[in-house]
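The values are calculated or read from the model by the stated rules, or taken from the named source; none is laboratory data. Please read these numbers as outputs of a predicted model, since none were measured by experiment. Here the Cβ is made from the backbone with ideal geometry for all residues, glycine too, and neighbour counts use every protein chain on show. Each accessible area value is taken on the protein alone, full model and side chains, heavy atoms only, with ligands, DNA and RNA left out. Shrake-Rupley method; radii C 1.70, N 1.55, O 1.52, S 1.80 Å.
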Amino acid sequence: MNKSLFQAKAAQNSSVYAGLQALVADEFENSRVSIRQMLQGLGIQHVDQTSSGKGVVDACRARKYDIVLCDFRLTGGKNGQQVLEELRTLQLLKPTNIFIIVSAETGRDVVMGIMESQPDEYLSKPFTQAVLARRLERQFVQTKALSTMKTLIAKEKFDQLIPLCVKHIEENGRYATWCKRNLVDAYLNTGASQELEHLCKTEIKQREVDWAFLGLARLAIIQDQFSHAVSILQKTIQQFPQAISAYDLLAQAYEAMGRLEEAQEVLNDAIKISPRIHKRQKHMAAVSLANGDPQTALKASQQTVRLGINSVHESPDDYIQLVDIVAESAANIENSTDKKRLLAEAGQALSVVTKRFGNDDSVKLRKSLAESRFHASQGQMREAQQSLQAAKQIASELDGGLPQDLVVEYGKTLYNAGEKEQAETILASLVNDQATSDALKQQASDFLDEPVSLEAKAQAKSLNKQGLNHYSDKAYQDAIHEFRTALELSPRHPGLNLNYVQTCLKLMEAQGSEPHMVAECVESIQRLRHVTPAHKQYKRLNALKEYLTKHYKVMF
């Protein structure tokens, strides 16, 4: 755009922009002044300035700006991405606000993180007044055309949004693609599955686009059609390898199917592309922890904590999770300096929980429980008991007693501190309580099944897999050896015990009864007293008990 054309355009827009209010945030004063002058040259007379992330939040709390130009680098700890996320969470932006992140950063991780936060525009430094003018004009025209629909989205009035979007699409409006993308969310929120499916499939027939595939995958996940979702998402990633949300959805589908190793692999691929997303790192920590991979879990948990600092996402959960993972990881670290540093990191995490969240009694309780588990993991049983007693005191003073969502943590802590019978009683009652959520039941059941270290879980899992391979090949002696070794590491695991019993029975079918083998089968069955009718292995357990009773005259 040449100078004379730009000046004419600026004069044309001057009256339009004159009543708008803008905020410029940049750590450097000369940059703030420069951008302010650009905006004023376009006719925007009211331009406030700040250098910090907190300044942006405070300014937006005091005034509803039309335009915010926010640099990624700010003073005070918060970056531009964190500021945008916080403003949205606190609902401090008008639906028609134009939020532009400005950055001189070139690192892929930073750029991808910024793009995932979905600002209205992203401007790379340095930029000219003409570039800024074009971006603002584009956004201003779009916002003016879509203001009603954006307001309905902000108010979550999807029933009213849908007909407006459909009408705009039918009229071949300029923002038909925007409407289609937002219709996906609207249909999902209103349960209009047929309409969603028709929209996405019609679009794919015309041209294959990532948002249509993602819409179908999200619908499949909601409908518990996880295999179908996996198929869609694998194709999406193949065609659109930068469609980062496809990786997150695929990991979610794999996890729902119990395919945790594949979920971890997909999350690892996603983190390679875009590592600066708090939710993704937190998901990786949880999945790798479930996979018995403490080193990956530790790295992801550390990143979760770092990304949460100065962010609206910061949570005591992140710090407590880090403490638990450090407790698991420290035992495998041979270098004394590294181990000391890691243990100090856990201590620091507990201190942060007290400083930042100490006014919440439930957080105080969780902190004491985590502290007890941490001491127990280091063999400091006296200190573990002291922290446990502190937790019991806090729990006794809570209105309504121990919250149900903390019962699993409490049970684990009791078990680790040596109060195993009480722990099993509490967790078993949680599993058998009809009012307990499925998620909590599963957590309690998983711990009762396998109250051992991550390393032991991982080794037992590997041995179990080898045993199953031998079983498939009818190499029953080899399978028995693998299952028996695995049971030394994880003696209460229902799947392992039943695999062992079933293999012994197969061998005895071929070679005849062996009294010592029958006795070992009985021992395995007796180790599963904690398996209740609600457990997924209960039917199999009963079937094997009946078989032993019928064929080997065993009484239970």
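Between the helical axis of 176-190 and the longest alpha-carbon principal axis of the chain there is an angle of about 40 degrees.
With respect to the chain, whose longest principal axis is taken over its alpha-carbon atoms, helix 193-206 is tilted by about 70°. Give 506/545; 279/299; 474/506; 205/235; 150/205 a once-over and call out the pairs whose C-alpha atoms are over 18 Å from each other. Where the Cα-Cα span goes over 18 Å, the pairs concerned are 150/205.
If the segment from residue 144 to residue 336 were pulled out straight at 0.36 nm per residue, it would be longer than the present Cα-Cα gap by 62.9 nm.
Between the helical axis of 226-239 and the longest alpha-carbon principal axis of the chain there is an angle of about 50 degrees.
Relative to the current alpha-carbon distance between residue 519 and residue 204, full extension at 0.36 nm per residue lengthens the span by 107.3 nm.
A helix-only calculation puts the chain at -23000 deg cm²/dmol for mean residue ellipticity at 222 nm, using -39500 (n - 2.57) for each DSSP H run of at least four residues, averaged over all residues. With all protein chains in place and a 1.4 Å probe, the accessible surface of the range 87-162 carries 51 percent carbon and sulfur. Among the listed options (1) -0.24, -0.97, -1.24; (2) -0.30, -0.93, -1.17; (3) -0.30, -1.16, -1.39, the one matching log10 I(q)/I(0) by the Debye sum over Cα atoms at q = 0.05, 0.11, 0.13 Å⁻¹ as calculated from these coordinates is (3).
Mind checking which lysines have their C-alpha under 24 Å from residue 420, skipping anything on the same chain fewer than 8 residues away? Of all the lysines, those that pass the test against residue 420 - Cα under 24 Å, at least 8 places apart if same chain - are 364, 367, 392, 412, 441, 457, 461, 536. Once the chain from residue 539 to residue 16 is taken as fully extended at 0.36 nm per residue, the excess over their C-alpha distance is 181.1 nm. Within the range 163-245, the GluC sites (Glu not before Pro) that combine a DSSP coil assignment with at most 14 other C-beta atoms in a 10 angstrom radius are 171, 208. Contact order normalised by length for the chain, with contacts defined as Cα pairs under 8 Å and 6 or more residues apart; what percent is it? 6 percent. Taking 15 Å as the cut-off, the amide N atoms of the range 288-331 that come nearer than this to a point 7 Å along the Cα-to-beta-carbon line of residue 348 belong to 299, 301-310, 319-320, 322-323, 326.
Computed over protein heavy atoms with a 1.4 Å probe, the accessible surface of the range 377-437 works out to 54 Å² per residue.
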